[in-house]
Each structure stands twice: as structure tokens, then as C-alpha cells.
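Asks: One structure, as C-alpha cells, below. Some questions next.
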Amino acid sequence: MNHPDPDTLVALALDTLPEEQRETLLRHLRRCPSCRALYREHLEALSHLAALQQPLPIPPAWEEELREQLTPSAPVRRPGLLSRRQLLAAALGVMLLSFLGWFGYRHYQDALAWRRFVALASEPGARMLPLVDPAGRQTGWALRTAQREVFLYLQTPPPPGRVYQAWLILPEGRRSLGVSPGKLLEVMVPLSEESWVGVSVEPPGGSPAPTTPSVGRVRI
């Protein structure tokens, strides 16, 4: 019996296969307990990954629509000094606009990062592994694409005013692999197979060496 490769099972779990190939593969799974068990493992892994991020839908014109709603209409009465109530309402509107602008932009960036990671994970040959902290808790995922690109996706964003920094873990020390202010870290340096990679929380711009305990590491 010919068994499907793991990449095909991942594509089935992501529902990216053509209908004919999907039906053929499902028939095989009904006959093959080992492939069916492996497929269930992929489904559980992807289900956990989906729980890491549920991006809010951000309409393309959300900022303009908000500005229009917060912009007061032209006064009908003759020009004069604004009342204290009007001044307070205007100040609150500006504060709300600033806060929602930051909040919406942050979720918009999270949504883009999530979609990019899922798209890369669904490509043929992609390999995904869990990021685990020193206590053994999963904190995210590591992804190596067929083109040997490496991406790290953390479950939560770094604390305010801090960034995530990726490190290549070597016997002689740590080598920086880049920083990110968000959940997604793209490793710009080619890595050999079975390299150990870790992530720490650092000041903006990164550090020459880790200054905090690892929030996740993986052998990828």
C-alpha cells in the first residue's frame, strides 16, 4: 500500500487539496489506521495553532470611518467659544481616536503575521515544530520551509516597550538571528539542519547577548 507523505496530510488538514485528490486521500485514511492516526496528530497541532491567534477582522477603511464618526458636525449657531462640555467631548474624541488607532493597527499587524505564517505552513515541504520554554510549556511554533527559511511565531506579543530576539544556540554562546516587535520572527540567516534556536525578550533594537530567560526554544 502506498502511503501519502506528511506534507500531503498537512495539506489535507489545512483543506488546500483539490477535491479529487482530497477524496482519494480520505478513502485511503479510512483503510489505513497508521495514516489516519498521523492525520489526527496534524489536525490537533493545527487546532492548537489556530488557538494561538484569532485575529479580529479589520476593515480596510476603519481609520477613516472612525475619524468621520468622531468629527463633530458643523455648528448651526453663530460662532463662539466652545462650552466646557464640547471641549471635553472633543478631547475624549481625540484620545479615543489615538487609542483605537494604536489598538486597530496592532491587531491588523497580528492578522497579517498570522495569515503569512499559516500560508507558509501550508506550502509543500514545510516543517512545523513547537517552541517550548524551560518549564516545558509550549509558547509558539517554529517553521522551516522547503526553501530552508525559518520563522518563529509566539503565542503572545512581547511586553510593551520590548521586542522578541531570536538566537542561534551554539556551544560557545548565542548568536543573534534578529528581532521583532510582534509575534512573528523571521530568521534572516541560513541555518543548518538540527540547529537549536531560542527566543528571549529584549529592549528595542535587541541585545548583544540574552538578558532574560528563554521564552521558547526548538531544534529545527
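Asks: If you take the residues of segment 1-56 that are among the polar types (S, T, N, Q) and in a loop (DSSP other than H, G, I, E, B), which of them is modelled with the highest pLDDT?
Replies: Residues of segment 1-56 that are among the polar types (S, T, N, Q), as a first pass: 2, 8, 16, 21, 24, 34, 47, 53-54.
Remaining after also requiring in a loop (DSSP other than H, G, I, E, B): 2, 16, 53-54.
Details: N2: 77, T16: 70, Q53: 46, Q54: 46.
Result: N2.
Asks: Within segment 175-220, which residues are part of a loop (DSSP other than H, G, I, E, B), more than 22 Å from R137 (Cα to Cα) and charged (D, E, K, R)?
Replies: E193
Asks: In segment 177-191, how many residues are open to solvent by less than 70 Å² (accessible area, probe 1.4 Å) and out of contact with any strand residue (DSSP E or B) (no Cβ under 6 Å at 6 or more places or on another chain)?
Replies: Result for segment 177-191: 1.
Asks: Can A209 be described as farther than 29 Å from P4 by Cα and among the aliphatic types (A, V, I, L, M)? Steps first, please.
Replies: Details: farther than 29 Å from P4 by Cα: yes; among the aliphatic types (A, V, I, L, M): yes.
Yes, satisfied.
Asks: Which one of these is of a type in the set (K, R) and surrounded by 14 or more Cβ atoms within 10 Å (Cβ to Cβ): R148, R219, R137, R127?
Replies: Details: R148 fails: surrounded by 14 or more Cβ atoms within 10 Å (Cβ to Cβ); R219 fails: surrounded by 14 or more Cβ atoms within 10 Å (Cβ to Cβ); R137 fails: surrounded by 14 or more Cβ atoms within 10 Å (Cβ to Cβ).
After ruling out the rest, the residue left standing is R127.
Asks: Hey, another quick one. Residues that are modelled with pLDDT of 90 or more, open to solvent by less than 20 Å² (accessible area, probe 1.4 Å), in a strand (DSSP E or B) and under 28 Å from A13 (Cα atoms): does segment 155-172 have at least one?
Replies: Among the residues of segment 155-172, not one is modelled with pLDDT of 90 or more, open to solvent by less than 20 Å² (accessible area, probe 1.4 Å), in a strand (DSSP E or B) and under 28 Å from A13 (Cα atoms), which makes the answer no.
Asks: Same structure again: Scan segment 135-151 and tell me whether some residue there is over 30 Å from A13 (Cβ atoms), touching a residue at least 24 places away in the same chain (Cβ under 8 Å) and outside any strand (DSSP E or B).
Replies: Taking segment 135-151 first, the residues over 30 Å from A13 (Cβ atoms) are none.
Scanning segment 135-151 turns up no residue that is over 30 Å from A13 (Cβ atoms), touching a residue at least 24 places away in the same chain (Cβ under 8 Å) and outside any strand (DSSP E or B).
The values are calculated or read from the model by the stated rules, or taken from the named source; none is laboratory data. Since this is a predicted model, take the numbers as computed values, not measurements. All Cβ positions, even for glycine, are placed from backbone atoms using ideal geometry, and neighbour counts span all protein chains on display. Each accessible area value is taken on the protein alone, full model and side chains, heavy atoms only, with ligands, DNA and RNA left out. Shrake-Rupley method; radii C 1.70, N 1.55, O 1.52, S 1.80 Å.
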